[in-house]
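Undergrad: Right, I'll just put the structure down here and ask away after.
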Amino acid sequence: MIRVTDLEYAYPGGQGALVSVSLSTGPGRLVGLVGANGSGKSTLMALMAGLYTPTGGTVTVGGHVSPGETRAIRGLCRLVMQDADLQMLGATVEEDLLLGRQHTAGTVSRARELAARLHLLDAWERPVQTLSWGMKRKVCLAAALLDDPKVLLLDEPFSGLDYPGMREMRKLLVENREAGLTQIVSSHDLECFVDIVDELAVLDAGRLALAGPPQDVLGQVREHGVRPPCSWNAGQGVRPWEGGER
């Protein structure tokens with residue numbers, strides 16, 4: 001469903017962010033993208049979403065290739081950024097979810113269904129700037145899912161969440177995978193999601209250092225600035241987080 005091949009990106013001025021990154025995954029797969037701060041995770045996700053144009057290599061989504069078919073890729077992918085304030089345009093939760101959409105009965109019903117799924121209905125008419133950090137992130141996630149994307153890209157979705165919020169996010173990721181949605185989730189912390197991902201990809205200074213099933217990768221992540229989960233450090237392998245979602 002999504003493939004990056006020899007992908008490179010340099011910021012204006014020549015500063016390189018990604019160097020020859022190749023990675024692919026298919027429908028219904030959940031990929032964890034990890035790396036230390038500044039390793040290139042957010043840049044890679046923006047490229048996969050069609051928000052940046054590669055300076056080298058290609059991004060292919062559903063047969064469409066960037067550079068060249070960026071508009072088509074944008075129609076298939078949705079990126080939920082780490083900073084929700086960059087994505088929220090409506091004054092209320094309702095307005096933000098329905099902004100730019102036809103207000104048909106079906107669209108409103110679907111928006112309310114997603115709001116209920118993410119426990120946002122009680123805030124339906126609240127001004128978005130009065131929401132907590134975690135609730136703002138959920139509004140952005142609901143808006144992304146409302147577009148029915150083929151690929152969902154989540155940049156640090158566990159950041160700023162409390163314990164119940166993390167549990168809710170994990171449940172949503174598993175449900176999305178079961179529905180066949182391709183998901184790529186970035187994080188600098190493996191602890192909260194390593195047991196539910198199908199694959200791990202580790203970035204180090206803009207390069208893909210490791211990729212594969214978690215049990216094949218975790219023994220080497222520390223060399224690339226990533227802390228293994230506690231269960232791995234204790235010699236217990238990949239253990240379920242609370243044991244209830246997998």
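The values are calculated or read from the model by the stated rules, or taken from the named source; none is laboratory data. Everything numeric in this text was worked out from a predicted model, so none of it was measured. Counting neighbours? That spans all protein chains shown, and the Cβs are built from the backbone with ideal geometry, glycine included.
Undergrad: Has segment 19-27 got any residue that is under 29 Å from GLN215 (Cα atoms), more than 20 Å from the chain's Cα centre (by Cα) and not small (Gly, Ala, Ser)?
TA: yes
Undergrad: Sticking with this one: State all residues of segment 44-53 that are modelled with pLDDT of 95 or more and in contact with a Phe, Trp or Tyr (Cβ under 7 Å, 6 or more places away or on another chain); if no residue qualifies, say none.
TA: Residues satisfying the conditions are ALA46, LEU47.
Undergrad: Looking at the structure I just gave you, is VAL202 more than 20 Å from GLU178 (Cβ to Cβ), surrounded by 19 or more Cβ atoms within 10 Å (Cβ to Cβ), touching a His at 6+ places or on another chain (Cβ under 6 Å) and of a type in the set (Val, Ile, Thr)?
TA: Yes.
Undergrad: Going by what's in this entry, would LEU47 be described as free of Cβ contacts under 8 Å to residues at least 60 places away in the same chain, under 21 Å from GLU199 (Cβ atoms) and buried (at least 16 other Cβ atoms within 10 Å of the Cβ)?
TA: yes
Undergrad: From the residues in segment 182-219 that are part of a loop (DSSP other than H, G, I, E, B) and touching an Asp or Glu at 6+ places or on another chain (Cβ under 7 Å), which one is farthest from LEU141 (Cα to Cα)?
TA: PRO213
Undergrad: If you don't mind, another one. When segment 1-24 is examined, which residues are found to be farther than 21 Å from VAL151 by Cβ and part of a strand (DSSP E or B)?
TA: ALA10, GLY16, VAL19, SER20
Undergrad: Does segment 130-141 contain any residue that is modelled with pLDDT of 95 or more, in a loop (DSSP other than H, G, I, E, B) and surrounded by fewer than 19 Cβ atoms within 10 Å (Cβ to Cβ)?
TA: no
Undergrad: Now for a separate question. Using beta carbons and a limit of 8 Å, which pairs, at least six apart or on different chains, have the first residue in segment 82-107 and of a type in the set (Ser, Thr, Tyr) and the second one surrounded by 14 or more Cβ atoms within 10 Å (Cβ to Cβ)?
TA: Within 8 Å, the pairs are THR92/TRP124; THR92/ARG126; THR92/VAL128; THR107/LEU98; THR107/ARG101; THR107/LEU146.
Undergrad: On to the next question. Considering only residues of segment 10-40 that are touching a residue at least 60 places away in the same chain (Cβ under 8 Å) and of a type in the set (Ser, Thr, Tyr), which is surrounded by the most Cβ atoms within 10 Å (Cβ to Cβ)?
TA: Looking at the filtered set, the residue picked out is SER39.
Undergrad: Name the pairs: first residue in segment 220-235 and assigned to a loop (DSSP other than H, G, I, E, B), second residue among the small types (Gly, Ala, Ser), Cβ to Cβ under 9 Å, at least 6 apart or on different chains?
TA: From segment 220-235, the pairs are GLY225/GLY35; GLY225/ALA36; GLY225/SER39; GLY225/ALA205; VAL226/GLY35; VAL226/ALA36; VAL226/SER39; PRO228/GLY219.
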